[in-house]
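Below is one structure, written out as structure tokens; the observations come after it.
Only the coordinates and a few stated rules stand behind these numbers; no lab work does. Since this is a predicted model, take the numbers as computed values, not measurements. All Cβ positions, even for glycine, are placed from backbone atoms using ideal geometry, and neighbour counts span all protein chains on display.
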Amino acid sequence: VKYIACDIYKRGIDVFIGTPQEFIKWCKNTFNEDKDDKEFCDSVETCTYGAADFHFGNGYGIVRIPKFPRTPNRISELVHELLHATDWLLWYSGIEHSKDNPVNETHTYLLEHLVRNALIYEGYETVDVKKQTVDDKNRV
């Protein structure tokens, strides 16, 4: 798992690499049992997709992919999910796609930032889903 900060928006995303089962265990170990986290953890129980994105009501998001992307198919799968994360993070920050601004540089620069950081293998932490070891301090 790797946290990618988007400091200008005061939030970020996690990229989780692993199976749906590992992701579900990680979520249950990482997030609290309060109302929002409980609803989120319940929603990941159905996480059987090859890749997926999830988000909380505060703009924080998670992208789950099955393997580190090294092929065009896996890279495009990652970009697909990161575009969802980009849209959600910006929407939560009050920035939406606009027909008046077809270029949407805000979206494309953020997507570029997320893709670049997700594809840099350095910074990923291996987690033991039996014993949670990821520090939660950076999550909004």
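Some notes on this structure:
- Label-point separation, Thr108 to Ser93 (7 Å along Cα→Cβ), nm: 1.7 nm
- Note on Gln21 and His80: the extension gain reaches 19.1 nm, defined as 0.36 nm multiplied by sequence separation minus the Cα-Cα distance.
- Charge tally in the Cβ shell below 14 Å around Ile120, where Lys, Arg are +1 and Asp, Glu are -1, Ile120 excluded: 0
- Separation in nanometres of the label points that stand 7 Å from Cα toward Cβ, at Arg116 and Asp100: 2.9 nm
- About its Cα centre, the dipole of the range 52-109 is roughly 360 debye, where the only charges are +1 on Lys and Arg Cβ and -1 on Asp and Glu Cβ.
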